[in-house]
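**Q** Would you mind keeping the following structure in view while I ask a few things?
The values are calculated or read from the model by the stated rules, or taken from the named source; none is laboratory data. Owing to the predicted nature of the structure, the values given are computational and were not obtained by experimental measurement. Quick reminder, even Gly has a Cβ in these numbers, built from the backbone with ideal geometry, and neighbours come from all protein chains shown. With ligands, DNA and RNA removed, areas are computed over all heavy atoms of the protein, side chains included. Shrake-Rupley method; radii C 1.70, N 1.55, O 1.52, S 1.80 Å.
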Amino acid sequence: MAVKLKKVEQSPFQKESTKAPRSWPDLPTQLLTILARNSTLMQNISYGGNVTKSYRLPPRQCNPIEKSPFPRLSIHDDGQNDRCRHDESRYLPDIFNITFRVGHLWWFGRWPPCRYSADYFVGYSQGMLVARGGVEPSDRYYLWDPIDRACGMLPLWDVSVPFKHVALSSSPKDHKSICTVMVLTGIQRPAFAFCELRGGIQKLAFSFRDLRERKLYAWFKQDSTLVEPHSSNHQLMQFTNAIGFDGKFYALSLQGTLAVMEKIDSHFKITSLGTNRAVPSVHAMHFKEYLIESNGEILMVFLVSRKSIHRVENVEVYRLRFDRLSWVKMESIGDRTLFVGTNCCMSANASKMGCRVDCIYFSNQTVDEWLVYDMERGSISPAWKNCDSSTKDPLRS
């Protein structure tokens, strides 16, 4: 349930921002109410990536069309994708804005569960929030369990390297397995950064001095070495989106190539590539891609804009076939509902949560107004506005 934030004492790692922060998760208020009463449903939320791509055709005189079978994709700079770049004038922080019921009490998620407050959330994976310290730029990143209120620090980050996207291979709550944190930089050198969490998140709760003294606890950086198969100029692969699943990482390159990364001989390596390019089936000037884990599957959602980035005209859902590493377009998602916000995604069992089946709700650029794509009808229609309390519950209508 969305609530007004209580005024808390400012951390020494914070500073005032001139931009209004956004709430995380930016899901419909009706859905946040359900989450507040059943916090285990937080496991169904994914960060999603929220990567917007645009087609860029090279000049004919430099690279003729007949010699360029793959239209080049680039990150569309709409002010939303690069929320983690070091130019704070373009940075929009997200704040945790939800309450949970613990027995007969309610506690504010905004209340920091550890002694060092970190208010800028940059990712969510395997039920863990990833937050950045308040000072920009910051070398301090944290893992935060919003349910158990456990918090721990990640290795100090090299501020000269972009921090674009983060994913966890598994839940750090499982003490029997080793959880790996992977960061995508969006560049080629380094393309990835990895660190291993042994013994659960509680092992990360130590002081900054302890962190600097632990030489072995650090990021392992890795460059991109493979040529992008969907590029005509033999450039190396750059990765922009990823999801952790069953101990592996499934990452999408800028040009839409899927790469599977597994740990081999103490190092994570790309072991296989997808067979088809992850792009919408219809012509698009811009499109947003989201990766969602749902019922033991990896789904990819495209919000397609043909003319303007501010208007979605098509929605497509694809399922990953693990045996062939290919994306298969889905005509129906069955008894499921997908929610795609500006900073998170969620897969819901429609019948258990009272949602409309076979639908994708999305908010595109604004968190107050939601649209719904009905997969059976193939149509997009207005859903509701969060601020419109007179509208009947759209999750059930």
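**Q** Would you mind telling me the share, in percent, of accessible area of the range 251-392 contributed by carbon and sulfur at probe 1.4 angstrom?
**A** On the way: 2780 of 6030 Å².
So the carbon and sulfur contribution to the accessible surface is 46 percent.
**Q** For Trp24, what residues show an amide H to amide H distance below 5 Å, using hydrogens built from the backbone and excluding near sequence neighbours?
**A** For Trp24, the qualifying residues are Ile95, Phe96, Asn97.
**Q** How much net charge surrounds Gly334 when only the other residues with a Cβ under 12 Å from the Cβ of Gly334 are counted, with Lys and Arg +1 and Asp and Glu -1?
**A** That sum, taken over residues with Cβ under 12 Å, equals -3.
**Q** Over what distance in Å are the Cα centres of the range 144-185 and the range 329-363 separated?
**A** Answer, in whole Å: 27.
**Q** Can you tell me the FRET efficiency between Leu273 and Ser177 if r is taken as the Cβ-Cβ distance and R0 is 30 Å, rounded to the nearest 0.05?
**A** 0.70
**Q** Would you tally the net charge around Thr275, using a Cβ to Cβ cut-off of less than 11 Å, leaving Thr275 out, and scoring K and R as +1, D and E as -1?
**A** +2
**Q** Per residue of the range 179-193, what does 6.51 cos²θ - 1.76 cosθ + 1.60 with θ = phi - 60° give for ³J(HN,Hα)? Whole Hz please, x for Gly and Pro, Karplus curve as stated.
**A** For the range 179-193, the Karplus-derived couplings read 8, 10, 9, 10, 10, 8, 9, x, 10, 8, 9, x, 8, 9, 9 Hz, x marking Gly and Pro.
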